[in-house]
1. Testing residue 99 on (1) crowded, with 24+ Cβ neighbours inside 10 Å; (2) in contact with a strand residue (DSSP E or B) (Cβ under 9 Å, 6 or more places away or on another chain), one condition comes back false. Which one is that?
2. Condition check: modelled with pLDDT under 90 and either part of a helix (DSSP H, G or I) or in contact with a strand residue (DSSP E or B) (Cβ under 8 Å, 6 or more places away or on another chain) (or both). Does residue 383 satisfy that?
3. Out of (1) over 21 Å from residue 402 (Cβ atoms); (2) in the same structural domain as residue 403 (by TED's automatic domain parsing); (3) in a helix (DSSP H, G or I), the odd one out for residue 371 is which?
4. Are there helices (runs of 4 or more DSSP H) fully within segment 235-317 with at least 3 residues that are at pLDDT below 95 and farther than 30 Å from residue 359 by Cβ? List them.
5. For the condition over 15 Å from the mean Cα position of the chain (by Cα) and over 21 Å from residue 242 (Cα atoms), what is the one hit in 325, 292?
6. Return the residue satisfying two criteria in turn: it lies in segment 175-192 and is in contact (Cβ under 8 Å) with a residue 40 or more places away in the chain and touching a strand residue (DSSP E or B) at 6+ places or on another chain (Cβ under 9 Å), and of such residues it is farthest from residue 205 (Cα to Cα).
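The values are calculated or read from the model by the stated rules, or taken from the named source; none is laboratory data. What you see is a predicted model, and the numbers here were worked out from it, not measured in a lab. Here the Cβ positions follow ideal geometry from the backbone for every residue, glycine too, while neighbour counts run over all protein chains shown.
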């Protein structure tokens with residue numbers, strides 16, 4: 001697995017670029033020096049990154065990028081189905097969290113009515129993730145090529161790339177890259193950058209579509225889904241920027257090359273943001289299917305790990321006894337987990353998983369879109385009860401009430417935001433039974 005640690009990966013606020021999200025104490029993603037990467041099918045997504053000690057914001061020029069990647073095709077009269085077929089053979093799945101087959105999405109949009117739109121989602125609302133900002137900051141041309149190739153595949157006449165307004169380095173690199181293309185490669189499918197409001201729900205695909213359409217960045221009711229009617233009421237292909245970077249590599253090197261890494265069911269590599277109780281946090285590129293414990297070891301735990309939050313704040317606690325599971329959707333399923341947005345947060349032995357979970361659930365409540373009862377009332381109530389448990393003040397019957405409220409909230413929100421909080425709650429109660437009993441006994 002390859003590793004690259006970005007000079008700008010810290011989530012702490014600075015005078016020039018404020019931290020985009022509130023995060024619970026102790027679960028940060030500060031930077032560290034890079035490690036020597038073991039072999040992966042070359043070149044990976046993290047190949048050709050600036051060397052250690054390079055100026056912050058160093059990025060790959062178009063001239064350098066074109067030594068390895070051809071100019072994407074211009075606007076086509078009909079979808080480039082051959083590329084969709086290649087993506088299908090490669091087995092690429094989305095890297096934004098849901099893991100939906102990329103080719104299936106493409107075919108749905110290509111078969112829609114009217115000229116399609118490609119919407120690249122680089123908002124990265126997950127607080128513990130930095131992988132998308134890393135790509136946009138240092139390899140913007142790879143992402144743009146992927147978006148243009150996806151546009152050719154589905155017959156789109158417009159590309160929009162959404163990036164949080166507080167991601168100044170990523171926005172700057174992307175805008176410079178597009179200015180460079182306008183000068184050296186004029187014409188072709190127009191690409192525009194949209195700076196989006198910070199916030200977890202702002203990156204939900206219907207919220208991103210709504211914002212690009214001129215509305216608030218809030219989730220909307222579905223159907224219709226974006227692939228049916230999205231930006232400008234046109235069929236819209238929404239893909240995470242890492243997914244699009246993989247599209248560019250598959251178009252250049254082929255499906256067989258992509259399948260050299262990963263598993264038969266889930267081929268390829270993935271970027272993983274590792275943080276928490278580790279000495280060398282950062283972004284790793286790993287072959288899908290490597291052991292979870294191997295990813296954690298690469299980041300050098302600062303003590304004996306007790307558990308890891310896998311998939312990000314929307315994810316699941318996995319105990320150390322399951323670190324031998326493969327980092328894939330199928331491999332993590334026995335633990336009720338999934339790679340999600342490619343996040344692993346390590347919890348050290350002796351730290352309290354219930355207290356950490358209470359902090360994240362409070363964050364969930366603050367990030368609510370405020371559009372539905374489960375978010376407005378349910379998440380606040382769940383966070384309050386979890387805080388009471390973590391401080392040893394949960395009254396008699398409180399645990400049963402907490403579990404009952406979780407059942408009432410799940411699946412009833414306008415989007416999936418409440419479901420993430422409930423999933424986290426259930427996994428914490430299952431993963432940390434000793435902590436639960438200690439807090440019920442009055443331990444703060």
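1. (1)
2. Here the answer is yes, as residue 383 does meet what is asked.
3. (3)
4. Output list is empty.
5. Details: 292 fails: over 21 Å from residue 242 (Cα atoms).
It is 325.
6. Only one residue fits best here, namely 181.
Each row is one residue, and each column tells you yes or no for (1) in contact (Cβ under 8 Å) with a residue 24 or more places away in the chain; (2) closer than 22 Å to residue 311 by Cα; (3) in contact with a strand residue (DSSP E or B) (Cβ under 6 Å, 6 or more places away or on another chain).
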site	(1), (2), (3)
329	yes, yes, no
332	yes, yes, no
378	yes, no, no
405	yes, no, no
418	yes, yes, no
424	yes, yes, no
433	no, yes, no
444	yes, no, no
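Residues checked against (1) in contact with a helix residue (DSSP H, G or I) (Cβ under 8 Å, 6 or more places away or on another chain); (2) crowded, with 23+ Cβ neighbours inside 10 Å; (3) outside the structural domain of residue 184 (by TED's automatic domain parsing); (4) more than 23 Å from residue 284 (Cβ to Cβ):
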| position | (1), (2), (3), (4) |
| --- | --- |
| 72 | yes, no, no, yes |
| 91 | yes, no, no, no |
| 94 | yes, no, no, no |
| 103 | yes, no, no, yes |
| 120 | yes, yes, no, no |
| 125 | yes, yes, no, no |
| 135 | yes, yes, no, no |
| 162 | yes, yes, no, yes |
